[in-house]
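Down below is the structure, laid out as structure tokens.
The values are calculated or read from the model by the stated rules, or taken from the named source; none is laboratory data. All values derive from a computational prediction rather than experimental measurement. No Cβ is skipped: glycine too gets one built from the backbone with ideal geometry, and neighbour counts run over all protein chains shown.
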Protein chains: 2
Amino acid sequence: MSREKFQSISAADFFYKNREIAGFDNPVRATYTIIRELVENALDACEQYSIKPEVRVKLIDEGSSIYRLKIEDNGIGVPYDQVPYAFAQILFGSKYTLRQSRGIFGLGGKMAILYGQITSHSTVKVMSSTGGFEKYSYELNINIQENHPIIRKKEVTPNPARWRGTIVQFNFEGDYIRAKPKIVEYFRQTSVLMPYANIFFVDPEGVLYRFDRITDVMPKPAEEVKPHPYGVDLEVVQRMINASRSNNMGDFLANNFHRVGVATALNFLKSVKISADANPKTLQPKDLLTIVSRMKDYDGFQPPDAQCLSPIGNDLLEKGIMREYKPEFVAVTQRGASAYSGYPFIVEAAIAYGGDIPIAPPDEMTVFRYANKIPLLYDLHSDVAMKVIKKINWQRYKLEPNSMPLAFFIHICATKVPYKTVGKEYIADRPEVEYEIEWALKTCAREMRMHLAKKDRVSSMQRRLTVFERYLPLISQFSTELSGAPNQPNIEKVLKRLQANAKQVEQRSLVQTD
Amino acid sequence: MSREKFQSISAADFFYKNREIAGFDNPVRATYTIIRELVENALDACEQYSIKPEVRVKLIDEGSSIYRLKIEDNGIGVPYDQVPYAFAQILFGSKYTLRQSRGIFGLGGKMAILYGQITSHSTVKVMSSTGGFEKYSYELNINIQENHPIIRKKEVTPNPARWRGTIVQFNFEGDYIRAKPKIVEYFRQTSVLMPYANIFFVDPEGVLYRFDRITDVMPKPAEEVKPHPYGVDLEVVQRMINASRSNNMGDFLANNFHRVGVATALNFLKSVKISADANPKTLQPKDLLTIVSRMKDYDGFQPPDAQCLSPIGNDLLEKGIMREYKPEFVAVTQRGASAYSGYPFIVEAAIAYGGDIPIAPPDEMTVFRYANKIPLLYDLHSDVAMKVIKKINWQRYKLEPNSMPLAFFIHICATKVPYKTVGKEYIADRPEVEYEIEWALKTCAREMRMHLAKKDRVSSMQRRLTVFERYLPLISQFSTELSGAPNQPNIEKVLKRLQANAKQVEQRSLVQTD
């Protein structure tokens, strides 16, 4: 009987061995994931600091299935001493805070670089500057077994133009031909939510895909917030106590939790029968457990607010959809802030009709899903959005998603998106999220029904008018002849009134909002 | 403009923050996942060492949604000094080898314990012995921020009975009432593949679910193998070179790869134009890249063999299905070993008919999926098995999965199961795996069609016999009366021949194999 061999592995080694769970299943999927992860880091580096994004992506075919990716942004830049860790150490990053951002795992960009390293023996070249007098270049590898950066080269050069941003370049083994449809779709859908960004992509065939800025308005960036009591557990509270300087529970609660002030803190402590003067650092484990359990169902807390979120807004969402799909009509809506397990979220939705929107293939629907501005292109049928769309009785809104040129857009922004996978493919069905998506879609559907009904009214009015215009003169002529009257009656007045009527109906209907 | 805050987090912290990706979404799901992960560790600790498993699981309701789990196995035991790491350090384990096992991530059991710690402030109590003169008890916590075990207590006691195995106990916040159907189903389906195990589960309501051993035959345990050249990448080869004592490439290849001997190694090296005498440690990066790229498509390697796998076998699979579902008929098959990306795998399948197998609800089918003997109870519709089942034209086999009492069993065993999620919910659709599942099911379907056809023949023969038995005497009587003959003819001989005929058809049909 042999004995078991025990060993410890690094986080880098874990994700290296199991890279398919982060979206690196095969060269096709990897090509898509690599571009996506780096574009998202680039966009986060701009948007969170109210910088209008300029992101340039270039993919070059180097032969033998090896590609070179170069991506440049005008974002905040990575500080000099953080570059090696930010690009070559797994589970290191700036995203571990309670604030809406695309990245959350501190994983994707590094996995892309790691994948490049193991498939093409590539180093990653990073040039960055935070806009100071210097810019710096690094050439890095990842020591996978130890999860540490290896610095192959570094250089600091003057930055007289005060350039600010980051340029990342590396090689990887991929398959652009087969990944292309998803990649182009990814850029297109990304640009829909960012009409304020310039995004350029030059593909290995030399084709330039460009998505030009059409507005200078940006959504306000998300702010970091303290944790809400509904969303914490023992570990979080214990860490907060360790980090806190408060020596009484009243202060501790009022200083460390989102939307908890002194009065709320005192009321809460009264409800769990713990003194406001108790020292958090010497609290009994069972008292701590009582506090944390009670936090989840105490109804005296204010609900989380949405300052940590950065939704697109109706106006930008409509602009983005109009630019890309030129629909005949689009109904957009934004729900108020809601929360699940203490994490605030906002759902935005739109339904677009006509224009470049195709009629969906049989048994399918055209659904565009977004989470924190990331388009989700895989596993539609496992996603909560699809569940809701299937549940809604569309006939009630006189909509037929399978035979009309309709597209559904759903955007959920949250401090913590309930992804089911590290590869960010789809969203779990939390009841609160489901409810918000349902009502957002129903609001849009109602508006769409009114639009289509008006369109019907206008066209039936037009048909009626055509009938009158054709037959009224004939009727007038025949009746005159039959009655033997000398002159035909004046039908102009009747026709004019009908025309005026029709015009009015049409004009009223052209006003979208009702 | 604020600066970004960078930080590094431990692997434990990462999975703590993102526990939903490991199957800890909510108390219901967590209850299921915790039991499953610990049962699987217990079974692995037995089976891989040819120990017939005796696994006892007890779940006790402690009030306020807190449960206490106690699980005991008779497995190999965890060595004294490894206990703290094996139970309280994420990404530490004995499963990081090329060998079929349930666990692969070194994550599940620890995540269960971590979840207990953060929801109930529980320590985990572990008692273990490898069957020596001592047994040892630990009380542990996980330092999540550092990913280190904290030893609260430890004790070594004499073990005069030479008891061997492991007992794990801890508390967690859960919801057994709502998790119960999946948990009971999990035990039931687990036992189907293990008719050689005793598994007992006492639930919080005091109900005992027991699955008794019905055979002493066990599948041979899986052996560890070296990596196959089709399945390696630069990182793996580099690590092998670092660890190797070979000072020439010929030796290095022949000593370190699965199914590569000296002759194969020399042929391969010739094909990449690298000398067999070259020292692996001083190889140029571009030569290494050439070698690794060529390994994936060189056709001179033997395919991986299946000694590292431990399938159930037709006999045990049939026994297990018979015990649990008592079907009228079951067709089982095992495919030969195949491989994807250098990882060997074997597909086993069965189709069962009648007995306790229900007719599936409308638009559904009864499908039981297993991977390395783990039942997969979630995300059926994303799984490759479902894709194959939908693709097969069942009418060709005169089977109607929606209206007949049919159940499909699919078991894939592999050194690396292509899971799509850390929570091991479903399997990605690798073409090789898809192909094997398809042919396994078609083989079973053909056998099932023959069985049903025979059953038809028997029942139509029986109907015919009934008609003869009823009417032949009457016909004989009428004809005698009509013809005025003095005696009725002897119909006994005719009837006997018909009865003998029917019996023969029936007996031939009862022999299952054909």
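Could you tell me which numbered condition residue B:373 fails, if it satisfies all but one of (1) out of contact with any Cys (no Cβ under 9 Å at 6 or more places or on another chain); (2) at positive phi?
(1)
Count, please, the residues in region A:239-251 that happen to be within 28 Å of residue B:26 (Cα to Cα) and buried (at least 19 other Cβ atoms within 10 Å of the Cβ).
Residues of region A:239-251 that are within 28 Å of residue B:26 (Cα to Cα), as a first pass: A:239-243.
Among the residues that remain, those that are also buried (at least 19 other Cβ atoms within 10 Å of the Cβ) are: A:240.
Of the residues in region A:239-251, 1 are within 28 Å of residue B:26 (Cα to Cα) and buried (at least 19 other Cβ atoms within 10 Å of the Cβ).
Among the residues of region B:123-136 satisfying the criterion of being more than 10 Å from every other protein chain (Cβ to nearest Cβ) and among the small types (Gly, Ala, Ser), which is farthest from residue B:82 (Cα to Cα)?
Going through the qualifying residues, I end up with B:132.
Across region A:42-64, which residue is nearest to the other protein chains (Cβ to nearest Cβ) among those that are touching a strand residue (DSSP E or B) at 6+ places or on another chain (Cβ under 8 Å) and buried (at least 21 other Cβ atoms within 10 Å of the Cβ)?
Taking the candidates together, the pick is A:45.
Please enumerate the residues belonging to region A:326-337 that are out of contact with any Asp or Glu (no Cβ under 6 Å at 6 or more places or on another chain) and in a strand (DSSP E or B).
Of all residues in region A:326-337, those out of contact with any Asp or Glu (no Cβ under 6 Å at 6 or more places or on another chain) come to A:327-329, A:333, A:336-337.
Within region A:326-337, A:329, A:333 meet the criteria.
Do we find that residue B:75 is small (Gly, Ala, Ser), within 27 Å of residue B:416 (Cα to Cα), surrounded by 22 or more Cβ atoms within 10 Å (Cβ to Cβ) and in contact with a Leu (Cβ under 6 Å, 6 or more places away or on another chain) in this structure?
When the stated conditions are applied, residue B:75 does not pass them.
Restricting attention to region B:485-507, and to residues there that are among the aliphatic types (A, V, I, L, M) and in a helix (DSSP H, G or I), which single residue is modelled with the lowest pLDDT?
B:505
Residue-by-condition table, conditions (1) loosely packed, with under 15 Cβ neighbours inside 10 Å; (2) within 25 Å of residue A:123 (Cα to Cα); (3) in contact with a helix residue (DSSP H, G or I) (Cβ under 9 Å, 6 or more places away or on another chain); (4) not hydroxyl-bearing (Ser, Thr, Tyr):
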residue: B:292; (1), (2), (3), (4): no, yes, yes, yes
residue: B:302; (1), (2), (3), (4): yes, no, yes, yes
residue: B:306; (1), (2), (3), (4): no, no, no, yes
residue: B:317; (1), (2), (3), (4): no, no, yes, yes
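Here is a yes/no grid of residues against (1) in contact with a strand residue (DSSP E or B) (Cβ under 8 Å, 6 or more places away or on another chain); (2) within 14 Å of chain A (Cβ to nearest Cβ); (3) not in a strand (DSSP E or B):
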residue: B:339; (1), (2), (3): yes, no, no
residue: B:346; (1), (2), (3): yes, no, no
residue: B:349; (1), (2), (3): yes, no, no
residue: B:352; (1), (2), (3): yes, no, no
residue: B:363; (1), (2), (3): no, yes, yes
residue: B:389; (1), (2), (3): yes, no, yes
residue: B:403; (1), (2), (3): no, no, yes
residue: B:410; (1), (2), (3): yes, no, no
residue: B:424; (1), (2), (3): yes, yes, yes
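Taking the conditions exactly as written (in a strand (DSSP E or B), of a type in the set (Lys, Arg) and modelled with pLDDT of 90 or more), does residue A:323 satisfy them or not?
Working: in a strand (DSSP E or B): no; of a type in the set (Lys, Arg): yes; modelled with pLDDT of 90 or more: yes.
Criteria not met by residue A:323.
Taking residue B:420 as the residue in question, decide whether it is among the basic types (Lys, Arg), away from chain A (no Cβ under 14 Å) and either surrounded by fewer than 23 Cβ atoms within 10 Å (Cβ to Cβ) or closer than 30 Å to residue B:342 by Cβ (or both). It would help to see each step written out before you state the result.
Values: among the basic types (Lys, Arg): yes; away from chain A (no Cβ under 14 Å): no; either surrounded by fewer than 23 Cβ atoms within 10 Å (Cβ to Cβ) or closer than 30 Å to residue B:342 by Cβ (or both): yes.
No; evaluated as a whole, the condition is false for this residue.
Identify all residues within region B:45-63 that are assigned to a loop (DSSP other than H, G, I, E, B) and under 20 Å from residue B:215 (Cβ atoms); write none if there are none. Before the answer, list the steps.
Going residue by residue through region B:45-63, those that are assigned to a loop (DSSP other than H, G, I, E, B) are B:48-53, B:62-63.
Result: B:48, B:49, B:50, B:51, B:52, B:53.
With the requirement that a residue be of a type in the set (A, V, I, L, M) and within 18 Å of residue A:424 (Cβ to Cβ), what does region A:374-403 give you? Before you say what the answer is, go through the steps one by one.
Of all residues in region A:374-403, those of a type in the set (A, V, I, L, M) come to A:374, A:376-377, A:380, A:384-386, A:388-389, A:392, A:399.
Answer for region A:374-403, where residues must be of a type in the set (A, V, I, L, M) and within 18 Å of residue A:424 (Cβ to Cβ): A:374, A:376, A:377, A:380, A:384, A:385, A:386.
Of the residues A:429, A:383, which single one is closer than 21 Å to residue A:36 by Cα and either hydroxyl-bearing (Ser, Thr, Tyr) or within 13 Å of chain B (Cβ to nearest Cβ) (or both)? Let's see the steps before the verdict.
Details: A:429 fails: closer than 21 Å to residue A:36 by Cα.
Criteria check complete, one pass: A:383.
All but one of (1) of a type outside the set (A, V, I, L, M, F, W, C); (2) outside any helix (DSSP H, G or I); (3) crowded, with 22+ Cβ neighbours inside 10 Å hold for residue B:436, so report the exception by its number.
(2) is the only condition that residue B:436 fails.
Hey, among the residues in region B:19-41 that are closer than 20 Å to residue B:188 by Cα and of a type in the set (Asp, Glu), which one's surrounded by the fewest Cβ atoms within 10 Å (Cβ to Cβ)?
Filtering region B:19-41 for residues that are closer than 20 Å to residue B:188 by Cα and of a type in the set (Asp, Glu), the one surrounded by the fewest Cβ atoms within 10 Å (Cβ to Cβ) comes out as B:40.
Quick check on my filter: what residues within region B:391-401 are of a type outside the set (D, E, K, R), in contact with a helix residue (DSSP H, G or I) (Cβ under 8 Å, 6 or more places away or on another chain) and part of a loop (DSSP other than H, G, I, E, B)? First the steps, then the outcome.
Restricting attention to region B:391-401, the residues satisfying the condition of being of a type outside the set (D, E, K, R) are B:392-395, B:397, B:399, B:401.
This time we only want the ones that are in contact with a helix residue (DSSP H, G or I) (Cβ under 8 Å, 6 or more places away or on another chain), so: B:392, B:394, B:397, B:399, B:401.
B:392, B:399, B:401, listed by residue number.
Give region B:254-271 a look and list any residue that's assigned to a helix (DSSP H, G or I) and without any contact (Cβ under 8 Å) to a residue 24 or more places away in the chain, or say none.
Passing the criteria: B:254, B:255, B:262, B:263, B:265, B:266, B:269, B:270.
Going by the conditions given, is residue B:108 closer than 21 Å to residue B:375 by Cα, surrounded by 24 or more Cβ atoms within 10 Å (Cβ to Cβ) and not aliphatic (A, V, I, L, M)? Walk me through it before giving the result.
Working: closer than 21 Å to residue B:375 by Cα: yes; surrounded by 24 or more Cβ atoms within 10 Å (Cβ to Cβ): yes; not aliphatic (A, V, I, L, M): yes.
It is true that residue B:108 is closer than 21 Å to residue B:375 by Cα, surrounded by 24 or more Cβ atoms within 10 Å (Cβ to Cβ) and not aliphatic (A, V, I, L, M).
Do you know which of the residues in region A:79-91 that are facing chain B (nearest Cβ under 8 Å) and over 15 Å from residue A:141 (Cα atoms) is surrounded by the most Cβ atoms within 10 Å (Cβ to Cβ)?
We begin by selecting, within region A:79-91, every residue facing chain B (nearest Cβ under 8 Å); these are A:79, A:82, A:85-86, A:89, A:91.
Imposing the further condition that a residue be over 15 Å from residue A:141 (Cα atoms) reduces the set to A:79, A:91.
Working: A:79: 16, A:91: 22.
Ranking the qualifying residues of region A:79-91, first place goes to A:91.
Just checking, which of B:58, B:52, B:17 is over 21 Å from residue B:176 (Cβ atoms), in contact (Cβ under 8 Å) with a residue 40 or more places away in the chain and among the basic types (Lys, Arg)?
Values: B:58 fails: over 21 Å from residue B:176 (Cβ atoms); B:17 fails: in contact (Cβ under 8 Å) with a residue 40 or more places away in the chain.
The unique qualifying residue is B:52.
Looking only at region A:142-155, which residues are among the polar types (S, T, N, Q) and under 31 Å from the mean Cα position of the chain (by Cα)? Give the steps one after another, and end with the answer.
Of region A:142-155, the ones among the polar types (S, T, N, Q) are A:143, A:145, A:147.
If the condition is that a residue be among the polar types (S, T, N, Q) and under 31 Å from the mean Cα position of the chain (by Cα), then A:147 is the only one that fits.
Among the residues of region B:233-245, is there at least one that is in a loop (DSSP other than H, G, I, E, B) and under 28 Å from residue B:345 (Cα atoms)? If you could, list the steps in order and put the result at the bottom.
Filtering region B:233-245 for residues in a loop (DSSP other than H, G, I, E, B) gives B:233, B:244-245.
Imposing the further condition that a residue be under 28 Å from residue B:345 (Cα atoms) reduces the set to B:233, B:244.
There is at least one residue in region B:233-245 that is in a loop (DSSP other than H, G, I, E, B) and under 28 Å from residue B:345 (Cα atoms).
Residue B:259 - would you say it is surrounded by fewer than 21 Cβ atoms within 10 Å (Cβ to Cβ), under 16 Å from the mean Cα position of the chain (by Cα) and either within 14 Å of chain A (Cβ to nearest Cβ) or of a type in the set (Lys, Arg) (or both)? Break it down stepwise before answering.
Working: surrounded by fewer than 21 Cβ atoms within 10 Å (Cβ to Cβ): yes; under 16 Å from the mean Cα position of the chain (by Cα): no; either within 14 Å of chain A (Cβ to nearest Cβ) or of a type in the set (Lys, Arg) (or both): yes.
Answer is no for this residue.
Within region B:226-248, can you find the residues that are among the β-branched types (Val, Ile, Thr) and more than 9 Å from every other protein chain (Cβ to nearest Cβ)? Before you say what the answer is, go through the steps one by one.
Narrowing region B:226-248 to residues among the β-branched types (Val, Ile, Thr): B:232, B:236-237, B:241.
Within region B:226-248, B:232, B:237, B:241 qualify.
May I ask you to list the residues in region B:1-41 that are away from chain A (no Cβ under 13 Å) and either under 30 Å from residue A:148 (Cα atoms) or of a type outside the set (Val, Ile, Thr) (or both)? Break it down stepwise before answering.
Within region B:1-41, the subset away from chain A (no Cβ under 13 Å) is B:31-40.
Result: B:32, B:36, B:37, B:38, B:40.
Residues of region A:296-320 being in a loop (DSSP other than H, G, I, E, B), within 16 Å of the chain's Cα centre (by Cα) and not hydrophobic (A, V, I, L, M, F, W, C), which ones? Give the steps one after another, and end with the answer.
Filtering region A:296-320 down to residues in a loop (DSSP other than H, G, I, E, B) leaves A:298-313.
When the remaining residues are screened for being within 16 Å of the chain's Cα centre (by Cα), the result is A:306, A:308-313.
Matches in region A:296-320: A:310, A:311, A:313.
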